[in-house]
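The values are calculated or read from the model by the stated rules, or taken from the named source; none is laboratory data. What you are looking at is a predicted structure, and each value in this text was computed from that prediction instead of being measured. Note: ideal-geometry Cβ built from the backbone for every residue, glycine included; neighbour counts use all protein chains shown. Remember, those area values only see protein heavy atoms, side chains included, never the ligands or the DNA or RNA. Shrake-Rupley method; radii C 1.70, N 1.55, O 1.52, S 1.80 Å.
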Amino acid sequence: MAPGVPLPPEIQLAQRLAGNEQVTRDRAVRKLRKYIMARTQRAAGGFTPDELLKIWKGLFYCMWMQDKPLQQEELGRTISQLIHAFQTTETQHLFLRAFWQTMIREWVGIDRLRLDKFYLLMRLLLRESLKAVKTHGWEERQIEQLLELLTTEILNPDSQAPNGVKSHFLEIFLEELTRVGAAELTADQNMQFIDPFCQIAARTKDSLVLHKITRSIFETIVEQAPLAIEDLMNELDSQGEEGEAASDEEEEEEESSEGEQDLQDSPPRRLPAGSRRTDPEADEQVWDDEENTGPVLQFDYGAVADRLFKLASRQSTPSENRKRLYKVIQKLRDLAGGTFPDDDVPEKACKKLLEGRRERKKKRKKCLPTLQPPNKKGGSETEASSTEPSPGLKRKRSRRRNEKAGRRGPPGKRRRPGVRAKGAGVQQPARKRKRPLPNEK
């Protein structure tokens, strides 16, 4: 570029976003938000994919330079909420596409110390993209466009996405969908969200993608089934209580008119100083909020099993994929029939533990020496032989005696203190004299 020509605003913002000073980076993020809102409000405005890639280059290194965990989380929220500054759905999707392309391109250069902050950024961007769909009322067209963008950029075999990006995306997808839309989404809408994963699981040749989809999507649905049924029963109970409350209110109004005169005549009771009025219903509500884990996604398990069976039974489906999917289909059909497969898991685990303990006890018994019972005839002989020391013990005792005798020497020729032994400063043991036999005398 010729000198004197100003740089495009996208490059200027990217340079400031990647600056060394945190004050400079924070100002650049605020200016970027204003710039996005001002440019997308115009009818002829908008961004090209190259311009958004330059902006995301600066945002990537803005996150790279942030060190402290709390500030990383705050910066991640600020960056992820930039998607709401775009005024149209097309520009929002261009922004998301540029983000995933940037993560795929820069993933290899991220060291292990900075992985957590970018895992967090991926989670927050996915959450805000789902919230953007939520603002449009979970329209079918909006859901299809978002899922097509995500599967094309991440799970498509031609996308060249690293395994780390694929696995983390599949791990967090159902979690973030539950966080954003569990209270509003119906079973049909949830089926629409997981349908692309069903298709990918049936045709993929990547073992990692198949394992992550079955574990993080399908098996998670099976594990959350008791909670989903409990939430559904709570909703039905709340609807029944509302109908009963409407009828009870009419009766209370009649009783209240009769008891007003009695309340006016009786003086109010005063509580002692330092005490507070306690509401038992409020206390119960607090405990319920602590125990409640939040709403869970609702699914039609029979419909999910039928959809998976239709895809897995095709001739083009690899045999390994078919085996994995048939196991999931069986669990889903059990759920649709009213039985929970996880109820038998503790019993199986206990059986395995008991079998393992029995095997260890058998091995210990084999290692221990077996004692033979004494014979009736030779009982006294075995007892006598057991009292006698073993030949090995006899040899050890005789060896110790010989060593002691060698150290002391004969009683008549003991070495005086201060006199050195023969040799180069080494004490030599005294030699034993052979005693004459009585026949030789």
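Of the residues that make up segment 193-207, is at least one of a type in the set (Ser, Thr, Tyr) and out of contact with any Ser or Thr (no Cβ under 9 Å at 6 or more places or on another chain)?
So in segment 193-207, the residues of a type in the set (Ser, Thr, Tyr) come out as 204, 207.
Now drop any that are not out of contact with any Ser or Thr (no Cβ under 9 Å at 6 or more places or on another chain), which leaves 204, 207.
Yes, segment 193-207 contains at least one residue that is of a type in the set (Ser, Thr, Tyr) and out of contact with any Ser or Thr (no Cβ under 9 Å at 6 or more places or on another chain).
Tally the residues that are open to solvent by 20 Å² or more (accessible area, probe 1.4 Å), part of a helix (DSSP H, G or I) and over 14 Å from Thr178 (Cα atoms), restricting the search to segment 128-141.
3
Show me the helices (runs of 4 or more DSSP H) found entirely inside segment 169-241 where at least 2 residues are within 19 Å of the chain's Cα centre (by Cα) and at pLDDT 95 or above.
Values: elements: 187-203, 207-213, 219-223.
Result: 207-213.
Lys57 versus (1) open to solvent by 80 Å² or more (accessible area, probe 1.4 Å); (2) of a type in the set (D, E, K, R); (3) under 28 Å from the mean Cα position of the chain (by Cα): which is the lone unmet condition?
(3)
Only one of Glu51, Glu10, Glu73 is under 16 Å from Leu125 (Cα atoms), open to solvent by less than 80 Å² (accessible area, probe 1.4 Å), of a type in the set (D, E, K, R) and part of a helix (DSSP H, G or I); which? Spell out how you get there, then give the answer.
Numbers: Glu51 fails: under 16 Å from Leu125 (Cα atoms); Glu10 fails: under 16 Å from Leu125 (Cα atoms).
None of the others qualify; the one that does is Glu73.
When you look at Glu144, is it in a helix (DSSP H, G or I) and either small (Gly, Ala, Ser) or open to solvent by less than 40 Å² (accessible area, probe 1.4 Å) (or both), yes or no? First the steps, then the outcome.
Working: in a helix (DSSP H, G or I): yes; either small (Gly, Ala, Ser) or open to solvent by less than 40 Å² (accessible area, probe 1.4 Å) (or both): no.
The answer is no for Glu144.
All but one of (1) of a type outside the set (Ser, Thr, Tyr); (2) part of a helix (DSSP H, G or I); (3) more than 16 Å from Lys54 (Cβ to Cβ); (4) in contact (Cβ under 8 Å) with a residue 40 or more places away in the chain hold for Gln87; which doesn't?
(2)
Mind telling me which of the residues Gln160, Gln145, Gln101 ends up being touching a residue at least 24 places away in the same chain (Cβ under 8 Å) and either of a type in the set (Val, Ile, Thr) or on the phi > 0 side of the Ramachandran plot (or both)?
Working: Gln145 fails: either of a type in the set (Val, Ile, Thr) or on the phi > 0 side of the Ramachandran plot (or both); Gln101 fails: either of a type in the set (Val, Ile, Thr) or on the phi > 0 side of the Ramachandran plot (or both).
That would be Gln160, the only listed residue that is touching a residue at least 24 places away in the same chain (Cβ under 8 Å) and either of a type in the set (Val, Ile, Thr) or on the phi > 0 side of the Ramachandran plot (or both).
Report the residue count in segment 151-167 for those that are over 15 Å from Thr102 (Cβ atoms) and part of a helix (DSSP H, G or I).
The first filter runs over segment 151-167 and keeps only residues over 15 Å from Thr102 (Cβ atoms), leaving 151-152, 155-158, 163, 166-167.
Retained after the next criterion (residues that are part of a helix (DSSP H, G or I)): 151-152, 155, 157-158, 163, 166-167.
Total satisfying the criteria: 8.
Given the conditions (1) hydrophobic (A, V, I, L, M, F, W, C); (2) crowded, with 17+ Cβ neighbours inside 10 Å; (3) under 22 Å from Ser159 (Cβ atoms), and given that Leu115 satisfies all but one, which numbered condition is not satisfied?
Failing condition for Leu115: (2).
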